[in-house]
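Peer 1: The structure's right below; bear with me while I get my questions together.
The values are calculated or read from the model by the stated rules, or taken from the named source; none is laboratory data. Just so it is clear, the structure is predicted and the values come from calculations on it, not from any experiment. FYI the Cβ positions are ideal-geometry reconstructions off the backbone, even for glycines, and counts take in every protein chain you see. Keep in mind that these areas ignore ligands, DNA and RNA; they rest on the heavy atoms of the full protein, side chains included. Shrake-Rupley method; radii C 1.70, N 1.55, O 1.52, S 1.80 Å.
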Amino acid sequence: MGAIRERDQVACHRCGEEGHCVRGRGRFGLMASSCAPCWHVFANAMAEADGATAAPRADPGPDDVAWIEPTVCPECGASVRVYPTTYDRWVSLSTLELPAKDVPEVFRWRLTRLSGRPPVPTDIVAVRVRGTDPLPSEAVVPAHRMTCVPGWGVPQPTAPA
């Protein structure tokens, strides 16, 4: 938990700031409280290290069904799935799961369902596979940047004759 000061206020674990903006951050409790500036520094560093640099998906309108379809990579034209990470950034993942033996360690992700108070899953987040290596046959979802080949699959303009 963040440091507790007198008057029962929680302080930022990193800089010591107190106030209403200091709280637990991320998609689930991370055992520390942060102010907004410290959290953004931490989350952006994690996102850069993990390659989680995708833009969040737009909120669908009431009549919009485009959110059902996979997003298309602007670089290679392949279908990708965009998911939030546990640290509130977004990552583009492949649409196929592969055995862990076929995916380099830095590109391995898993999709995890978070549940709210009732036992009903409310959100799916992408979690980087770290710490314990999965079994070689265990399924993981590779990051799209592993398979992205810019210009491949995207129609190229033809030069005038």
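Peer 1: Could you list, in sequence order, the residues of the range 16-31 that are of a type in the set (A, V, I, L, M, F, W, C) and open to solvent by 30 Å² or more (accessible area, probe 1.4 Å)?
Peer 2: Answer for the range 16-31, where residues must be of a type in the set (A, V, I, L, M, F, W, C) and open to solvent by 30 Å² or more (accessible area, probe 1.4 Å): 21, 28, 30, 31.
Peer 1: Somewhere in the range 120-135, is a residue at pLDDT 90 or above, open to solvent by 60 Å² or more (accessible area, probe 1.4 Å) and either in a helix (DSSP H, G or I) or in contact with a helix residue (DSSP H, G or I) (Cβ under 9 Å, 6 or more places away or on another chain) (or both)?
Peer 2: Within the range 120-135, one or more residues are at pLDDT 90 or above, open to solvent by 60 Å² or more (accessible area, probe 1.4 Å) and either in a helix (DSSP H, G or I) or in contact with a helix residue (DSSP H, G or I) (Cβ under 9 Å, 6 or more places away or on another chain) (or both).
Peer 1: Where residues in the range 136-145 are open to solvent by 20 Å² or more (accessible area, probe 1.4 Å) and within 28 Å of residue 53 (Cβ to Cβ), which of them is modelled with the lowest pLDDT?
Peer 2: So, considering only residues that are open to solvent by 20 Å² or more (accessible area, probe 1.4 Å) and within 28 Å of residue 53 (Cβ to Cβ), the one modelled with the lowest pLDDT is 145.
Peer 1: Identify all residues within the range 108-119 that are open to solvent by less than 40 Å² (accessible area, probe 1.4 Å) and either at pLDDT 90 or above or touching a helix residue (DSSP H, G or I) at 6+ places or on another chain (Cβ under 6 Å) (or both); write none if there are none.
Peer 2: The answer is 108, 109.
Peer 1: Among all residue pairs at least 6 apart or on different chains, which show Cβ distances below 7 Å where the first residue, located in the range 45-57, is farther than 20 Å from residue 75 by Cα and the second is open to solvent by 80 Å² or more (accessible area, probe 1.4 Å)?
Peer 2: So the pair list comes out empty.
Peer 1: Further question on the same structure: For the range 90-107, which residues satisfy the criterion of being open to solvent by 30 Å² or more (accessible area, probe 1.4 Å), assigned to a loop (DSSP other than H, G, I, E, B) and of a type in the set (Ser, Thr, Tyr)?
Peer 2: Once the filter is applied, which keeps residues that are open to solvent by 30 Å² or more (accessible area, probe 1.4 Å), assigned to a loop (DSSP other than H, G, I, E, B) and of a type in the set (Ser, Thr, Tyr), the range 90-107 yields only 95.
Peer 1: Could you look through the range 41-89, keep only residues that are under 21 Å from residue 112 (Cα atoms) and among the aromatic types (Phe, Trp, Tyr), and pick out the one that is least open to solvent (accessible area, probe 1.4 Å)?
Peer 2: 87
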